[in-house]
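First comes the structure, then the notes that go with it.
Laboratory data are not the source of any read-out in this text; all were calculated from the coordinates shown. As the structure is a prediction and not an experimental result, all values here were calculated from the model. We place every Cβ from the backbone using ideal geometry, glycine too, and count neighbours over all the protein chains shown.
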Amino acid sequence: MDSPNQPAPGARASWAKRLGVIGAAAATTLLAGCSSERWEVGFLPPDSKGATSHTDHYIALWNGGWIAALIVGAITWGLLMWCIVAYRRKKSDRGLPVQMRYNMPVEILYTVVPIILVLVFFFETVKTMDNTINDDTEAEQVIEVYGKQWAWDFNYVTEDVHYAGVQANLDGTEQPGIEAPTLYLPANTDLELKLESRDVIHSFWIPAFLEKRDMIPGRSSSIHLQALKEGDYMGKCAELCGEFHSEMIFNVKVVSPAEYDDYIESLREQGNEGVLGEEYNRDDWYDNPYEQEGAEN
Ligand SMILES: [Cu+2]
């Protein structure tokens with residue numbers, strides 16, 4: 001179509017070249033800073049790869065989402081740049097450019113592509129949920145985790161022993177990491193982690209496991225998984241739960257079933273028989289103070 005805005009030949013190429021150089025420089029800087037392992041897990045915690053029977057499903061969904069978003073982004077940025085460069089106003093231009101509308105191919109593109117994206121994301125998410133949070137494989141070992149201000153109790157229910165975390169020191173000096181409770185998990189074993197709270201809402205989070213679950217008082221939730229990679233991990237409470245929330249951390253040791261048995265035996269020898277149940281919950285936390293005093297609310 002003839003328009004007063006047709007660019008002079010050659011001008012378009014020099015602009016495109018400059019943009020290309022800027023883009024290449026930015027991409028090189030971005031890529032140079034990171035190793036391939038970080039890319040493989042999409043910048044999630046590096047030890048998450050193969051950590052549990054769920055992590056690879058999460059990583060695949062996460063990376064797939066980013067790749068789809070980047071492809072859409074690249075096409076969008078490309079079209080934007082092309083429009084900015086090809087249809088820019090030049091000194092010789094007078095008046096308004098040619099006005100255009102109802103471009104059917106473009107309108108079909110930006111209707112159909114998002115529908116495909118939403119459908120693919122939906123089915124991929126359902127598939128991932130079936131393999132992860134909807135996992136209800138029967139457990140060989142049930143381990144009950146109680147969050148409490150500001151520590152953790154671990155009940156090894158199947159073995160009928162427990163470990164009681166000591167409350168964070170309340171003298172005002174924060175010394176995270178010191179004597180943090182340790183959760184032992186046998187590797188390659190079907191586990192059920194039952195999550196409960198003794199007082200306020202906490203959140204159970206082992207970053208490398210890529211799973212985080214709120215622990216709501218009066219409610220029980222579960223994570224069914226297998227820990228696949230032996231090693232040491234860090235866990236923490238991920239819900240602001242009071243003054244010493246930052247000290248509510250724990251260690252996780254994924255060990256061989258034999259080492260796990262040894263640990264269970266050591267708990268038994270220390271006299272940690274039985275489990276620490278609801279009798280240690282702070283139920284009074286929820287009583288209505290108005291009712292207690294017999295006043296009207
Ligand atoms: Cu907490």
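Over all other residues within a Cβ to Cβ distance under 9 Å of H162, the charged ones net out to -4, with Lys and Arg as +1 and Asp and Glu as -1. If you take all C-alpha pairs in the stretch 141-278, what percent of them are over 28 Å apart? Result: 11 percent of Cα pairs exceed 28 Å.
Beta-bridge orientation, the stretch 141-278: approximately 70 percent antiparallel, per DSSP, counting only bridges with both partners inside.
Relative to one another, the C-alpha centroids of the stretch 88-113 and the stretch 181-216 are positioned 54 Å apart.
For a straight C-alpha distance cut-off of 20 angstrom, the lysines reachable from K212 (same-chain residues fewer than eight places away being disregarded) are K49, K127, K148, K194, K229, K236, K253.
In plain terms, the residue of I22, I143, I216 with the fewest other Cβ atoms within 10 Å comes first and the most crowded comes last, giving I22, I216, I143. Placing a label point 7 Å from the Cα of L19 along the Cα-to-Cβ direction, the residues of the stretch 53-88 whose backbone N falls under 15 Å of that point are 73-88.
Taking a point 7 Å out from the Cα of E124 in the direction of its Cβ, the residues of the stretch 72-95 whose backbone N falls within less than 15 Å of it are 72-74.
Counting beta carbons within 10 Å around each of D136, D93 and listing the fewest first gives the order D136, D93.
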